Each structure stands twice: as C-alpha cells, then as structure tokens.
1. Near the amide H of residue B:112, under 5 Å away, which other amide H atoms are found, from residues 5 or more places off or on another chain, if H is placed in the peptide plane?
2. For chain B, what is the charge dipole size about the Cα centre, in debye to the nearest 20, if Lys and Arg each add +1 at the Cβ and Asp and Glu each add -1 at the Cβ?
3. Mind checking A:33-41 for the average number of partner chain beta-carbons within 10 Å of each residue's beta-carbon?
4. State, to one decimal in nm and shortest first, how far the label point of residue A:14 sits from each corresponding label point in the other identical copies (label point: 7 angstrom along Cα-to-Cβ).
5. For the range A:35-52, take each phi angle, set θ = phi - 60°, evaluate the Karplus expression 6.51 cos²θ - 1.76 cosθ + 1.60, and give the result in whole Hz per residue in order, putting x for glycine and proline.
6. Could the peptides A:105-113, B:21-29 be put in order, highest first, of the mean number of other beta-carbon atoms found within 10 Å of their residues?
7. Ignoring solvent entirely, what values of log10 I(q)/I(0) come out of the Debye formula for the protein assembly as shown at 0.09, 0.12 Å⁻¹ when each Cα is a single scatterer?
8. Non-local amide H neighbours of residue A:9 (under 5 Å, H modeled in plane, Pro and chain starts lacking H): which ones?
2 protein chains.
Amino acid sequence: MHMSKSKNIFTGKVLTLNVDTVTLPNGVTIDLEIVRHPGAAAVVPLKDNGMVVLIKQLRHAAGGFIYEIPAGKLDRGEDPLHCAARELEEEIGYVAGRLERLTSILTAPGFTDEVIHIYKATGLTAGRQQLDRDEILEVLEISLEEAIKMIEAGTIRDAKTIVGLQLVSRGR
Amino acid sequence: MHMSKSKNIFTGKVLTLNVDTVTLPNGVTIDLEIVRHPGAAAVVPLKDNGMVVLIKQLRHAAGGFIYEIPAGKLDRGEDPLHCAARELEEEIGYVAGRLERLTSILTAPGFTDEVIHIYKATGLTAGRQQLDRDEILEVLEISLEEAIKMIEAGTIRDAKTIVGLQLVSRGR
C-alpha cells in the first residue's frame, strides 16, 4: 500500500478531512476520504458494590441522548491513561484508585483513523465533577448485569460503551 | 437542542462533512463538525461447527491489515438485512440460511451519525465470492472461543467486529 498524495480538504477544531490517493498491492489506485482524529480515551467506572457509572449524554450526531461511559478526546501528546483519569473526574466526579487498560478499538476504520483506548476504573472515591459548557449529561448508576441487558435490548448503542462493559463483564 | 445552520464543507463518494451550528438546552451555541455517513451492515458468520468466518482486510485508515467481520456500506435506501446478505456472499462467499439482527451501534457519536447494523448469519452454504477491485482481504475460519481470546489480547480491534463476536458468544 503506497500513498502518493494526501489532499487536505478541511482542518477543524476536532477533525481533519483528507482525500488520500493510495495504490493497493494489486496495482489499483484509489482516492479515499479519510477523517483524521486525535484519538480518545474512555473508562468503565466499576464500583466495589458491582455498580457501573454511566452517563446519558446529548449528542447532536445521534439526534438526542445516548448512554455512554465517560470519555473524551486526547489533548495533543496526552497519555491516554491520563485522559481517562481526567474525563472520569470531570464528567462524573470520581477519582480512580486503579486504572487498567482493557483494549483499544478502531471505531470506523473504513473512513477514520480514530482509536479509543478503553480502561476499567476501580477503587473509586469522590472527586469534583466539572463539565464543559457544551456537555449536557446526567450521571446514573446501574448494576453491571443491568447494563449488559441494556446492550442486548439495544438500549445501549455506543460502540466504545458496549465494548468496555462487555470486557468488564467477562472479568477483564 | 436546536440546529440553526448546517454548512456543507465537502460531499464525497462516501462522506459528507458539515459544520452544524447548534443551540443546546442550556442556551450555549456551538459549531460541531459532523461527518454524515450512509450507514452500514455487518455480519458474524457462524458455522454449524462453532467456527466463525473473519476477514483480514487492508485498511488505509488503520495503516495495514485488520481483522473484521464482513461488512459494507448501505446503498441508498437499502434494507440493512439485504446489505448484510450481500456482503456475506461478496466478501466471503457464503449464503445465509438465517440472518438475525444482533444490534445496531453508533460507531463514533461525537463526530459522525454512522450506524452499523450487526447480524448473525447461520445455516451457511457456499455462494460466490466477488470482491470489489479495492478490497484486499483474506478469509479465515477460527473458533468463536479463539476469536474471543483475540479480542481480549487486543488482536481484534475493530469495534463492530468486537461487538458482534461478543454478542454471539453470549448466545444471542
């Protein structure tokens, strides 16, 4: 795979859109629309009593409120672990005693390079919630079992949230 | 939530990029970069002997080959079930006796409206593989157990693939 050209279409606050000209191993040359994204970290907050802390967040792209785990974009050069800890406290007001990486996912590799690093947070203690002005969300606690049922019922639809909850449920 | 303006930045073969001006319920007005995507269908092919059929596909955005389940974009107005059946035959050469919807995921609701509808295919019989000229992939069969281990080891990183395999593994 060889990229002969990368044409910048747009550079915004969050996204960069390029059209890349790529020659595949079979000799075919194609133009690919690629969204460059800084990457993100997300975190499954698991309390000692088996409850998980989710947010119900307003998402314009989803047309309303959706269930998610706390998450946020990486600042330039930021360690994903640091980002996960930061979002955990800012979005839901918890500090983690322990943060373990579960996995890192490619959200939509057909058109974006976005990677989300997913962590499990345990040993939770109270910190200070501090929402950005463009974050509209409510915090809720449910049992991990109930969360898995919400995935199976199609009520939880966010990819990073499903992956994180399922890995925690499998004991990772 | 009220959208007062949607500025079109780019309309490509696959993606449309808009910058939408949105007023949140708290009165804050923000500009959001939104990638409009036609949506997609993906399918977990489960054989009677407990093996799943995956592809190892070259993805420019991921910088190399990644493990995935068969998937493809919806044609305009296409039923996702039809799309899943089509991609199953085109990408791996199988026809499903039965296709059941597992769930529908939001891949990256922070910046795109993409939805992937995920199915389970069983009762597989031989059809005719027919790859597009820009699809570089190999087909492999592994046990569902092995696939779950590859998720836990971080070898399978694609979000739709993890969600589909985990739901099938839980018996859905």
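Just so it is clear, none of the values below were taken in a lab; they were calculated from the coordinates. As the structure is a computational prediction, the values presented were derived from the model and not from experiment. Heads up, the Cβs are rebuilt from the backbone with ideal geometry, glycines too, and the neighbour counts pull from every protein chain shown.
1. HN-HN under 5 Å from residue B:112: B:35.
2. Charge dipole of chain B: 260 debye, to the nearest 20.
3. Per residue, the average neighbour count from other chains is 3.
4. In nanometres, ordered from closest: 1.9.
5. Listing the rounded values in order: 8, 8, 9, x, x, 8, 10, 9, 8, 8, x, 10, 7, 4, 8, x, 8, 10 Hz.
6. For the peptides A:105-113, B:21-29, the packing ranking is A:105-113, B:21-29.
7. Once normalised to I(0) and log-transformed, intensities are -0.48, -0.87.
8. Those lying under 5 Å, H to H, from residue A:9 are A:17, A:18, A:19.
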